[in-house]
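Quick note: the coordinates plus some simple rules give every number you see, no bench work behind them. Everything numeric here is computed off the predicted structure, so don't read it as measured data. Because the Cβ atoms are built from the backbone with ideal geometry, glycine has one as well, and the counts that use them run over all protein chains shown.
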Amino acid sequence: MTHITTKSGFEADIEESNLDDYRLMKAIRDAQAMPVKIVDVVAFVLGKDEERLVEHVVKTTGKASMSAIEAEMTDIFAQLGEDKKK
């Protein structure tokens, strides 16, 4: 389990073993081709914390824009990648 805190202050515990999943890789691939599919990636990575992320983005930016959600997810994946380097 990895605790992350994004630059905007969103905090969550991510179960890294869940990230080693074919379905997640497929969702990421789909999101690269069709950006609206990022909703599947967010749901897969955050699970029950998905709605908390949306609420956090609304609270910090005024709305749940796709660009803000994507920025949060980019930050989350960067932190998870950094954790693996340690």
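Could you grab me the full set of residues in the stretch 45-86 that are buried (at least 17 other Cβ atoms within 10 Å of the Cβ), touching a residue at least 12 places away in the same chain (Cβ under 8 Å) and under 22 Å from MET34 (Cβ atoms)? Within the stretch 45-86, VAL45, LEU46, LEU53, VAL54, VAL57, ILE69, GLU72, MET73, ILE76 qualify. Evaluate the following for ASP40: is it farther than 17 Å from MET1 by Cα, in a helix (DSSP H, G or I) and within 13 Å of the chain's Cα centre (by Cα)? So ASP40 passes the test. Applying the condition of being assigned to a helix (DSSP H, G or I), free of Cβ contacts under 8 Å to residues at least 24 places away in the same chain and among the hydrophobic types (A, V, I, L, M, F, W, C) to the stretch 25-37 and asking which residue is surrounded by the fewest Cβ atoms within 10 Å (Cβ to Cβ) yields ALA33.
Candidates are the residues of the stretch 43-78 that are assigned to a helix (DSSP H, G or I) and basic (Lys, Arg); the one that is nearest to THR5 (Cα to Cα) is ARG52.
A count restricted to the stretch 1-24 and to residues that are under 18 Å from GLU72 (Cα atoms), without any contact (Cβ under 8 Å) to a residue 60 or more places away in the chain and part of a helix (DSSP H, G or I) stands at 1.
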